[in-house]
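Remarks on the structure that follows.
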Amino acid sequence: MNWKNVLPRIKLPRITDIVSTPSINPVKRRGLLAGGNWIVDHVKMIDVWPAQDALANIATQSDGNGGGPYNITKNLARLGCGFSLAGVGLLGHDDDGGKILRDCAEHGIDGDALRQTFAAPTSYTDVMTVAGTGRRTFFHQHGANALLDASHFELTKSSARIFYLGYLCLLRTLDVVDAHGRTPASRLFEQARAAGMITVADLVSNEAGDFAAIVNPSLPHLDYLFLNEYELARLIGEPAVKDPALLEAQAGEVLQRGVHGAVIVHLPEGALCVAKERPAVWQPAVRMPAKLIAGTAGAGDAFGAGFLLGLHEGWDFPRCLELAVCAAAVSLRDATCSAAIEPWANCLALGRKMGFYEEVQIK
């Protein structure tokens, strides 16, 4: 198979057209409901990654949004998605929890189902980003996210078209495998599908020994699964690869475990969408100059937001993937997860200006 970028070139609408153009595929359900990890990222730019017991210098620091649902909804708002956004989660009664609620209000994200508790602090992550490379390392406090359970979700009251939950393997209560081999997360996906929602999950790269045991129960109740090449490898118990043909085979195995729509694999070199009874689609990454890259935190969620915008609007997979890699590229220009995100037409324009790799670039 020829993996060159052969995506059709669509004409970009004027900004005024974005507001007035109706959904390509209008349906009764509209909007996205996102649940799971709501996190404040404390991003610190450091000069080097130190050896054990050594010292590194912090050049700058800033706070930003973190966690799948927080990043996805905020990115969709900044992309100008044009449909309703709502969140479900558990926050602490603290400054970070207040920041999240205010930020959601400012971006038009419905935070009525973002509850607060005195039992734990708002979850946070210290993100250490090496200035010269953009590589980052995470130190995570589970906080209130660990207490989030199925009772916090009222799926039957939502009219959203898409239900997103992330990250599996970082939601301690929702990740628990019961005596029947099910998790609370898998039952939420089952309920959402029964209610008529499109179900979407995202994973996190952690070292949990029961990674596959946590994820597998949800697969038969998912329409779409986002994951990177390392998470894919852990899920199927094989070495991580970057070759698209090998990635297709690995993603195909996950698809056979019950995913109804598609498995979407994102990596620095590009992205792959593998769906049932359709040709696999490979989209190369944007040629983003190193001098424009401030950090890679949140690039995967920027990718996910771009794909979900297209999915909600009925775009085909190649077009969804193109916007996804462009949104991810745009996000690299800031060390936080969402500050650099622009309206979706701008993201496409920037990606096309920079150009895409013609072949897979193995780094």
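In the condition set (1) among the acidic types (Asp, Glu); (2) crowded, with 22+ Cβ neighbours inside 10 Å; (3) at positive phi, residue 277 is compliant with all but (2).
Just one of the listed residues (330, 274, 259) is β-branched (Val, Ile, Thr), assigned to a helix (DSSP H, G or I) and either more than 16 Å from the chain's Cα centre (by Cα) or over 21 Å from residue 230 (Cβ atoms) (or both), and it is 330. Residues of segment 213-225 that are among the hydrophobic types (A, V, I, L, M, F, W, C) and either touching a Gly at 6+ places or on another chain (Cβ under 7 Å) or not in a helix (DSSP H, G or I) (or both): 219, 222, 225.
Being modelled with pLDDT of 95 or more, in contact with a strand residue (DSSP E or B) (Cβ under 8 Å, 6 or more places away or on another chain) and more than 23 Å from residue 68 (Cα to Cα) is a description that applies to residue 281. Residue check: residue 288 meets all listed conditions (1) closer than 18 Å to residue 269 by Cβ; (2) within 17 Å of the chain's Cα centre (by Cα); (3) hydrophobic (A, V, I, L, M, F, W, C); (4) in a loop (DSSP other than H, G, I, E, B) but one, namely (2). Checked against the criterion of being assigned to a helix (DSSP H, G or I), more than 30 Å from residue 82 (Cβ to Cβ) and aliphatic (A, V, I, L, M), the candidates 185, 144 yield just one match: 144. On the stretch given as segment 92-130, residues that are touching a residue at least 60 places away in the same chain (Cβ under 8 Å), within 14 Å of residue 71 (Cα to Cα) and of a type in the set (A, V, I, L, M) total 1. Give me the residue from segment 309-363 that is among the aliphatic types (A, V, I, L, M) and farther than 29 Å from residue 245 by Cβ and, out of that set, modelled with the lowest pLDDT. The qualifying residue modelled with the lowest pLDDT is 335. Filtering segment 147-174 to residues that are out of contact with any Pro (no Cβ under 8 Å at 6 or more places or on another chain), surrounded by fewer than 19 Cβ atoms within 10 Å (Cβ to Cβ) and of a type in the set (Gly, Ala, Ser) leaves 151, 159.
Against the test of being charged (D, E, K, R), touching a residue at least 60 places away in the same chain (Cβ under 8 Å) and in contact with a Ser or Thr (Cβ under 6 Å, 6 or more places away or on another chain), the options 322, 313 yield a single qualifying residue, 313.
Considering only residues that are under 19 Å from the mean Cα position of the chain (by Cα) and at pLDDT 95 or above, look in segment 115-141 and name the one that is nearest to residue 151 (Cα to Cα). Across segment 115-141, the extreme among qualifying residues is 123. Within segment 95-133, being surrounded by fewer than 18 Cβ atoms within 10 Å (Cβ to Cβ) and in a loop (DSSP other than H, G, I, E, B) holds for 107, 108, 118, 119, 131, 132, 133. Annotation note: Cβ proximity below 7 Å between a residue of segment 187-199 that is within 15 Å of residue 159 (Cβ to Cβ) and a residue that is among the aliphatic types (A, V, I, L, M) and assigned to a strand (DSSP E or B) (sequence gap 6+ or interchain) occurs for 197/162; 198/162.
Inspect segment 321-331 for any residue being among the hydrophobic types (A, V, I, L, M, F, W, C) and surrounded by fewer than 24 Cβ atoms within 10 Å (Cβ to Cβ) and give the result as yes or no. The answer is no, given that none of the residues of segment 321-331 is among the hydrophobic types (A, V, I, L, M, F, W, C) and surrounded by fewer than 24 Cβ atoms within 10 Å (Cβ to Cβ).
The values are calculated or read from the model by the stated rules, or taken from the named source; none is laboratory data. Just so we're clear, the structure is a prediction, and the values are computed from it rather than from any experiment. For neighbour counting, all protein chains shown are included, and Cβ atoms are generated from backbone atoms with ideal geometry for every residue, glycine included.
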